[in-house]
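Below is one structure, written out as structure tokens, with a few remarks after it.
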Amino acid sequence: MALGFQDDEFQKVCKELEEPQVAGWEFFTESHGVTIYRLFNEKSGLYQYKIYGTLDDVDPQVCADVYMDLEYRRQWDTYAKELQEIEADGKKLIYWQVNFPFPLWNRDYVYSRELRTLDYQGKQMWVVLARSEATPSLPERSGVVRVDDYVQCAVLSTDGKVGTKAYMHYYDNPGGNIPTWLINWGSCYILCLQPCSETD
């Protein structure tokens, strides 16, 4: 089975947790122990996000298990129309179709994902990398827009007590004819659980 991620990619994400790399990024918001930065993508007109925070009473191993559990996500994520692990083009991949509200077409993702448990500077870290993959054997479905520009990574470690210190990087271009201001509004609403202005 082909491997899609390199060792240095995992090391880079671990460094982000210990030494946040936010030069050139815009501070966006901070609430309940979570700090979010964003960076504007000139080509797409969308933002990518970096999120740093802590979960005071959840162990990082539990966080990693929940993060990777597709069956559990299907139980609570009402927007996930389909979510399953597949094999295609010599790779182990995730197929994920997301319900979009009428009159928008649903979006689907085909992406690779890998979890590694690493020792980084004497600390145990759980690192997850994910990104969209081109899959000739899985063509786009009629009435569904394929998202081919998706990147997400997360790293989890102990906060030194009983909780978890976490970092996540997220970028998603859902494509289609959705106005960029609406996509950015939706993204920051989900990340911050607060409304944003149309100019964001």
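In table form, for the structure just shown:
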| item | result |
| --- | --- |
| Exclusive hit being among the aliphatic types (A, V, I, L, M) and open to solvent by 20 Å² or more (accessible area, probe 1.4 Å), set 128, 58 | 58 |
| Residue match in the range 108-130 (condition: out of contact with any helix residue (DSSP H, G or I) (no Cβ under 8 Å at 6 or more places or on another chain) and over 28 Å from residue 7 (Cβ atoms)) | yes |
| Out of 180, 164, sole residue that is modelled with pLDDT of 95 or more and more than 15 Å from the chain's Cα centre (by Cα) | 164 |
| Test set (1) in contact (Cβ under 8 Å) with a residue 60 or more places away in the chain; (2) within 25 Å of residue 72 (Cβ to Cβ); (3) surrounded by fewer than 18 Cβ atoms within 10 Å (Cβ to Cβ) - residue 104 fails condition number | (2) |
| Close pairs (6 angstrom Cβ cut-off, 6 or more residues apart or separate chains): without any contact (Cβ under 8 Å) to a residue 40 or more places away in the chain and farther than 18 Å from residue 87 by Cβ in the range 133-153, of a type outside the set (Gly, Ala, Ser) and open to solvent by 80 Å² or more (accessible area, probe 1.4 Å) anywhere | 143/105; 146/140 |
| Some residue of the range 138-156 being closer than 25 Å to residue 32 by Cα, assigned to a helix (DSSP H, G or I) and not acidic (Asp, Glu) | no |
| Residue list for the range 1-55, filter: open to solvent by 30 Å² or more (accessible area, probe 1.4 Å) and basic (Lys, Arg) | 12, 15, 43 |
| Residue 89 out of contact with any Lys or Arg (no Cβ under 6 Å at 6 or more places or on another chain) and under 16 Å from residue 4 (Cβ atoms) | yes |
| Residue in the range 65-85 that is touching a residue at least 60 places away in the same chain (Cβ under 8 Å), hydrophobic (A, V, I, L, M, F, W, C) and within 22 Å of residue 165 (Cα to Cα) present | yes |
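The values are calculated or read from the model by the stated rules, or taken from the named source; none is laboratory data. Fair warning: this is a prediction, and the values are worked out from it, not measured in the lab. No Cβ is skipped: glycine too gets one built from the backbone with ideal geometry, and neighbour counts run over all protein chains shown. These accessible areas exclude ligands, DNA and RNA; they are computed on the full protein's heavy atoms, side chains included. Shrake-Rupley method; radii C 1.70, N 1.55, O 1.52, S 1.80 Å.
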